[in-house]
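The values are calculated or read from the model by the stated rules, or taken from the named source; none is laboratory data. All values derive from a computational prediction rather than experimental measurement. Note that we place each Cβ from the backbone using ideal geometry, even for glycine, and neighbour counts take in every protein chain shown.
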Amino acid sequence: MTTLSFQSRLGLGTWQMGESMRSEVEELTAIASAIAMGYRLIDTAEMYGSGQAETLIGKALKHAGKSARDHLQIVSKVLPSNASTKGTIAACERSIKRMGCDYLDCYLLHWQGSHSYESTLEGMITLQERGLIRSYGISNFDASDVNAWLAAERNVGSPYATICNQVYYALNARGIEYDLLPLMKEKGMALMAYSPLGAGSLMRNSQLIALAKQAGLTPAQVALAWVLRQPIAVAIPKTIHADRLEENLEASEILLDARILEELDRAFPPPLKKTPLHMI
């Protein structure tokens, strides 16, 4: 099953990659291994490692061969400080250059900043018209922010539609289910779930460990399959370990039964009221 414009429901996140030369070989190997084992979606941002995560992706693509790019979808993000019309275009061009590719499949505004949404959208529209991006979206937007962005999209008369909102969503961060997730479903917007393993904290949760053991799965697989139970969800966990890469990819094919879902609801209750959007 694909979600909106994404051909894969599970991708590789690269947050915190490119921050140290000491880990470059390990991180480059992880990205190359992910491509080789069948990952078809990679998420990054100009902020990650101040562009070095994108450079690593470029090196991995070069290693994988020219045809590898044809089978991949790459998502990157513009920093709010760069998100004027001209700044958005220039930032995207720098990201494309660092990765050595011709275009991005989706380009996101990383979070809200001082530039007007209309200004950012004008840049996004220009990029899409020039073929430098295939689509655009947003990140870390709560319900009211989504509505304001969509109003700006109407104001500029965009011929395109916002395809996704990338937010923190995990068993221990379910706040978006109260109002943001229903709004995104209504607007036909994909959910890109970052940190779907709770930034690693879920791997140490005793209740999740016990439930996963009963199901014959790993805690990561249960946590990822739980996120992907949402029809509009795409998950982008980050790991540099080959065994975890395989384990995570397998989760995209796992359907949790009703009993496990009920037990997960008891262990990690859904929200009963509006809560602030989780961000890390």
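Could you check the range 198-212 and list, in sequence order, the residues that are surrounded by fewer than 20 Cβ atoms within 10 Å (Cβ to Cβ) and within 16 Å of TYR169 (Cα to Cα)? Those that are surrounded by fewer than 20 Cβ atoms within 10 Å (Cβ to Cβ) and within 16 Å of TYR169 (Cα to Cα): ALA199, GLY200, SER201, MET203. Comparison of SER76, SER81 shows that the only residue that is assigned to a strand (DSSP E or B) and either touching a Pro at 6+ places or on another chain (Cβ under 6 Å) or among the small types (Gly, Ala, Ser) (or both) is SER76. For ALA60, are the conditions met, namely being crowded, with 21+ Cβ neighbours inside 10 Å, within 21 Å of the chain's Cα centre (by Cα) and either assigned to a helix (DSSP H, G or I) or at pLDDT 95 or above (or both)? Taking the combined requirement at face value, the residue satisfies it. Mind listing whichever residues of the range 213-225 are small (Gly, Ala, Ser) and closer than 22 Å to TYR168 by Cα? Matches in the range 213-225: ALA220, ALA223, ALA225. Tell me yes or no: at least one residue of the range 230-251 is touching a residue at least 24 places away in the same chain (Cβ under 8 Å), loosely packed, with under 15 Cβ neighbours inside 10 Å, of a type outside the set (Gly, Ala, Ser) and within 17 Å of VAL167 (Cβ to Cβ). Yes, the range 230-251 contains at least one residue that is touching a residue at least 24 places away in the same chain (Cβ under 8 Å), loosely packed, with under 15 Cβ neighbours inside 10 Å, of a type outside the set (Gly, Ala, Ser) and within 17 Å of VAL167 (Cβ to Cβ). The residues on offer are PRO219, PRO196, and the sole one that is at negative phi, modelled with pLDDT of 95 or more and over 16 Å from the mean Cα position of the chain (by Cα) is PRO219.
Consider GLY131 carefully, then state whether it is on the phi > 0 side of the Ramachandran plot, modelled with pLDDT of 95 or more and either of a type outside the set (S, T, N, Q) or in a strand (DSSP E or B) (or both). For GLY131, the condition - on the phi > 0 side of the Ramachandran plot, modelled with pLDDT of 95 or more and either of a type outside the set (S, T, N, Q) or in a strand (DSSP E or B) (or both) - is met.
For (1) of a type outside the set (A, V, I, L, M); (2) within 15 Å of GLY11 (Cβ to Cβ); (3) within 21 Å of the chain's Cα centre (by Cα), each residue gets a yes or a no:
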| site | (1), (2), (3) |
| --- | --- |
| LEU202 | no, no, yes |
| ILE209 | no, no, no |
| PRO237 | yes, yes, yes |
| GLU262 | yes, no, no |
| PRO271 | yes, no, no |
| ILE280 | no, no, yes |
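Need the failing condition index for ILE42 against (1) over 30 Å from LYS185 (Cα atoms); (2) under 17 Å from the mean Cα position of the chain (by Cα), just the number. Result: ILE42 passes all but (1). Filtered by the rule that a residue be over 13 Å from PHE268 (Cβ atoms) and not basic (Lys, Arg), the range 198-209 gives ALA199, GLY200, MET203, ILE209. Of all residue pairs spaced 6 or more apart or on separate chains, those with beta-carbon atoms under 6 Å, a first member in the range 199-214 that is free of Cβ contacts under 8 Å to residues at least 12 places away in the same chain and a second member that is assigned to a helix (DSSP H, G or I) and surrounded by 18 or more Cβ atoms within 10 Å (Cβ to Cβ) are ILE209/PRO219; ALA212/PRO219; ALA212/VAL222. Within the range 148-195, the residues that satisfy the criterion of being part of a strand (DSSP E or B), β-branched (Val, Ile, Thr) and either touching a residue at least 60 places away in the same chain (Cβ under 8 Å) or under 11 Å from ILE232 (Cβ atoms) (or both) are ILE163, VAL167.
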